[in-house]
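Only the coordinates and a few stated rules stand behind these numbers; no lab work does. All values derive from a computational prediction rather than experimental measurement. Every residue, glycine among them, receives a Cβ derived from its backbone with ideal geometry; neighbour counts consider all protein chains shown.
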Amino acid sequence: MKFVPDHRLLAFLVQVGLAFAVHFVRADEKPMMKAVVAHEYGAPEVLKFEEMPRPEPKEDEVLVRVIASGVNPADPLTLSGKYAREFGTHLPLIPGYDIAGVVEKTGAKVTNLKAGDAVYGYPTFGGGWAEYVTVKQWEVAAKPKTLNFAEAAAVPMGALTAWQALVDTAQLHPGQTILVHGGSGGVGSFAVQIAKARGARVIATASTANQDLLKQLGADVAIDYTKTRFEDVAKDVDAVLDPVGKETLARSYGVVKKGGIVMSLVARPDPAECAKRGIRAAAISVHPDAEDLTEIARLIDTGKIKPVVTEVLPLSEAIAAQRQAETHHTRGKLVLRIADEPKG
Ligand SMILES: NC(=O)c1ccc[n+]([C@@H]2O[C@H](COP(=O)([O-])OP(=O)(O)OC[C@H]3O[C@@H](n4cnc5c(N)ncnc54)[C@H](OP(=O)(O)O)[C@@H]3O)[C@@H](O)[C@H]2O)c1
């Protein structure tokens, strides 16, 4: 008997086969995202622009669609490998400690956030320079309502550091005086404003070009450190915030009154020097904290503090942004734009 193929049956079988193939290929396909990634430690130039699998949130995590991400001096330091042993950062590495975005998905144990929520925060291990990042639920909080996403991305690390130093550590209160070195930078610009919001008197330092900014931020006394020795102006202060270190820190002990405090972001203050003068010392180490972020958002939404966004750059400028962060002379904050601002 001769086999005569039925063309309609053949066409049907081919269609079913194709449908199965497409189904299984799609089921196997992981959602992808664009990211800035380092596969080795080194200079900013090791960063590559890549497609990689989108992360999945664990049960206590949320997946955030990142709209914008801030730039910090910590980014090039992390990339250099400096934090690998200290904080357990590992390769491949996506920089970006400041994020503002929209919750895409939540883990099973997340109760305080839901898909669609606008959030901002600080992922402990970075990862913000990507279309998506997973964060622990305590690393993010509701985005300040009065800021757009690019502005909100300029807040977390700088404001949390200033908050945890001035409020948690120094417990700064009305009538006290604080000397804020580097008052025009990412941390200092928040420190000046938070201190003013707490009723303190603020003496702040910056270079000539940033004297106007110190005044705009509310500093009572602005010192141009390129022209004036700060110790000639600041005397018997209650607290010093030092984001500079070395000689600036060494000269700061002498301006603090007995019982006052020296806080450094970049070095461990000399215990012998502090004991001799009867002053306290603290080496600040910022940590993500949703409650602090909520308090900071409240201060922003009531008009008490605001971020200083110097420039919003496309993600393709990630390497240049890291180079700028390395200078330690950024005015306010640089922000990288990852996606368009959501409408409405
Ligand atoms: N320990 C922590 O938890 C922690 C957290 C955040 C940041 N940090 C560190 O703290 C440092 C500051 O961070 P940031 O984000 O504020 O940096 P930034 O945005 O680069 O700001 C640095 C500021 O310091 C000023 N400055 C530079 N040299 C100075 C000097 N000799 N005297 C006074 N001011 C000077 C600059 O002002 P001019 O441009 O006018 O000179 C600039 O405004 C970085 O090293 C960062 O890694 C540590």
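Quick notes
- Fewest-first sequence of F49, F125, F190 by Cβ atoms within 10 Å of each Cβ: F49, F125, F190
- Here is the tail figure for segment 269-344: Cα pairs spaced more than 18 Å apart come to 68 percent of all pairs.
- With Cα atoms, 0 to 90° folded angle of helix 7-28 axis to the chain main axis: 20
- Within straight-line reach of K48, meaning a Cα separation under 12 Å, sit the following aspartates and glutamates at least 8 residues removed in sequence or on another chain: E40, E317.
- The distance between label points at T226 and R323 comes to 2.1 nm (points 7 Å beyond Cα on the Cα→Cβ vector).
- Whole-number D in µm² s⁻¹ for the chain, Kirkwood Cα-pair radius fed into Stokes-Einstein, 20 °C, 1.002 mPa s: 99
- Efficiency of FRET between T208 and R251 - r from beta-carbon atoms, R0 25 angstrom, step 0.05: 0.80
- Listed by chain and number, the lysines whose alpha-carbon sits under 25 Å from that of K109, ignoring those within fewer than 8 places in the same chain, are K30, K58, K136, K143.
- Summed residue charge, Cβ within 12 Å of L113's Cβ, Lys/Arg positive, Asp/Glu negative: 0
- R0 of 22 Å, Cβ-Cβ distance K343-A115: FRET efficiency to nearest 0.05: 0.80
- Ellipticity at 222 nm from helices only: DSSP H runs of n ≥ 4 in the chain, each -39500 (n - 2.57), divided by the residue count, give -8000 deg cm²/dmol.
- Taking a sphere under 11 Å around the Cβ of H39 and counting the other residues whose Cβ falls inside, with K and R at +1 and D and E at -1, yields a net charge of -1.
- Nearest-20 debye value, the chain charge dipole, Cβ charges on Lys, Arg, Asp, Glu: 420
- In units of the compact-protein estimate 2.2 N^0.38 Å, segment 158-283 shows a Cα radius of gyration of 0.92.
- Computed from the alpha carbon atoms alone, the convex hull of segment 63-218 holds 138 Å³ per residue.
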